[in-house]
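Report on the following structure.
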Amino acid sequence: MTPVSIGVAGASGYAGQELIRLAARHPFIRVTTAMASGSTDGARTLPALTGVWDGQITPLSLDQLAAETQAVFMTLPDSVAAEVGPALVARGVRVFDIGGTFRLRDRALRHQWYPAAPDLETPVVYGLTEYYRRELVEARLVACPGCYPTAALLALRPLIDANLIDGDVIIDAKSGISGAGKKPSERTHFSECHGNVAAYGVLGHRHGAEIEQELRQTVTFTPHLVPLDRGLLATSYVRVRPGVDGAAIAATFASAYANAPFVRVRGDALPEIKHVVHTNFCDIGWKYDAASRRLVLVSCLDNLVKGAAGQALQNLNVAFGWDETAGLS
Ligand SMILES: NC(=O)c1ccc[n+]([C@@H]2O[C@H](COP(=O)([O-])OP(=O)(O)OC[C@H]3O[C@@H](n4cnc5c(N)ncnc54)[C@H](OP(=O)(O)O)[C@@H]3O)[C@@H](O)[C@H]2O)c1
């Protein structure tokens, strides 16, 4: 089979490099075109990937991407993706965006959180693979979910779909610093983060809107930065409806993810970040107190893999009709 030609726009960033690392070992694709900003002169290489992928990164060119590739992964700042994504789709390229620009379906919310986001005629598929496999097959533009939403949604969607939750949903989440990208800021540079834990975006983080969209209910979402380079853990607090027992909760998760190769349902054995880093797994565990009906769920993943590049590749596999695990197991 002739490999499918792939472009990566944003190839020098954290998510872009992870994408290339995974794509280089994928049996059915070839990264022909890797681009970033034109902010430095000449082509660049990725020293960390020497021997894995020895291509060059060149300045972003829509014409070149459209001419050389059948599908493009965008790991770009949102305002750049807002222009590049629709332009590539219009030229027949299938686009998998890892950023947030196209994730929110509600126009007002989209403009609130992503002011550069255009109004599109192309339908956008939200790329939480486990819930949108059918839509992905025809998709031209895929908005891959954020890392926090992926962890929270995989833990909560089975309960929402089975109508088991009674009342509020609270999500307390912690992410490693690579979640903020490679450009350091006052919040993310080493001497701020080392030895520190900080909440941010409290009652006002754009991933809260994304989680609410997919759960169809209000949530209280509090993200934290923790001094890890990668990995993300979300603890979700809910109360379940009267009459729901531990066996019903376990059966709900077992059935929701019976055919999901990258969701590991752990039950009582609570997952940890070290169990999932450098993999495309999201692990989910929980503890349930039947007397009070309180259910505490813990889900975790690698923000750069299942939270970004790995899930995007999983979406590409489904969109092209290949085994969902190709290049990821
Ligand atoms: N990091 C994560 O864990 C994670 C998880 C889920 C989703 N995401 C999303 O994925 C996207 C990329 O995140 P990241 O963490 O990989 O960011 P990053 O490390 O900051 O990388 C950004 C990439 O975009 C390129 N770029 C910047 N401005 C550009 C321009 N004007 N034209 C062309 N290329 C440009 C950069 O190239 P230069 O090297 O030339 O600057 C770099 O390759 C973001 O939308 C982010 O929200 C990230």
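We did not get these values from a lab; they are worked out from the coordinates using the rules stated. Keep in mind it's a predicted model, so treat the numbers as computed, not measured. Because the Cβ atoms are built from the backbone with ideal geometry, glycine has one as well, and the counts that use them run over all protein chains shown.
Numerical summary
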quantity	calculated
Karplus 3J(HN,Hα) series, Hz, for region 84-92 with 6.51 cos²θ - 1.76 cosθ + 1.60 (x for Gly, Pro)	5, x, x, 5, 5, 4, 4, 9, x
DSSP bridge pairs, the chain: antiparallel proportion in percent, nearest 5	45
Amide N of region 50-90 lying under 18 Å from the label point, which is placed 7 angstrom from the Cα of LYS182 along Cα→Cβ	50-61, 73-81
Between region 288-311 and region 204-223, the alpha-carbon center distance in angstrom	15
Charge context of LEU215, other residues only, Cβ under 13 angstrom, K/R +1, D/E -1	-3
Mean shadow area of region 147-302 over all directions, Cα convex hull, nm²	9.3
Least to most buried among GLU18, GLU272 (fewest other Cβ within 10 Å first)	GLU272, GLU18
Mean separation of Cα contacts under 8 Å, 6 or more apart, over the residue count of the chain: relative contact order %	17
Mean Cα-pair separation over length for region 147-302, i.e. relative contact order, pairs under 8 Å, 6 or more apart, %	29
Label-point separation in nm, HIS111 to ARG294, each point 7 Å along Cα→Cβ	4.3
Residue among ALA251, ALA34, ALA71 with the largest mean-square fluctuation in a Gaussian network model of the chain, springs linking Cα atoms under 10 Å	ALA251
Residue order, fewest to most surrounding Cβ atoms within 10 angstrom, among ILE273, ILE29, ILE211	ILE273, ILE29, ILE211
Stokes-Einstein translational diffusion, the chain - Kirkwood Rh over all Cα pairs, 1.567 mPa s, 4 °C, in µm²/s	64
For region 68-78, 3J(HN,Hα) per residue [Karplus equation, 6.51 cos²θ - 1.76 cosθ + 1.60, θ = phi - 60°, Hz, x = Gly/Pro]	9, 10, 9, 8, 10, 8, 9, 10, 10, x, 4
Principal-axis tilt of helix 246-256 within the chain, Cα atoms, nearest 10 degrees	20
Cα gyration tensor shape of region 127-200, rounded if a/c is under 1.5, else prolate or oblate by comparing a/b with b/c	oblate
Rh by Kirkwood over Cα pairs, then Stokes-Einstein D for region 222-270 at 1.002 mPa s and 20 °C, µm²/s	157
Dipole magnitude of the chain about its Cα centre (Cβ charges: Lys, Arg +1; Asp, Glu -1), debye to nearest 20	260
Degrees, to the nearest 10: 310-319 long Cα axis against longest axis of the chain	80
Residues with amide H under 5 Å from that of VAL72, placed H, sequence gap 5 or more	GLY7, ARG94, VAL95, PHE96
Euclidean distance between Cα centres, region 179-196 to region 26-51, Å	25
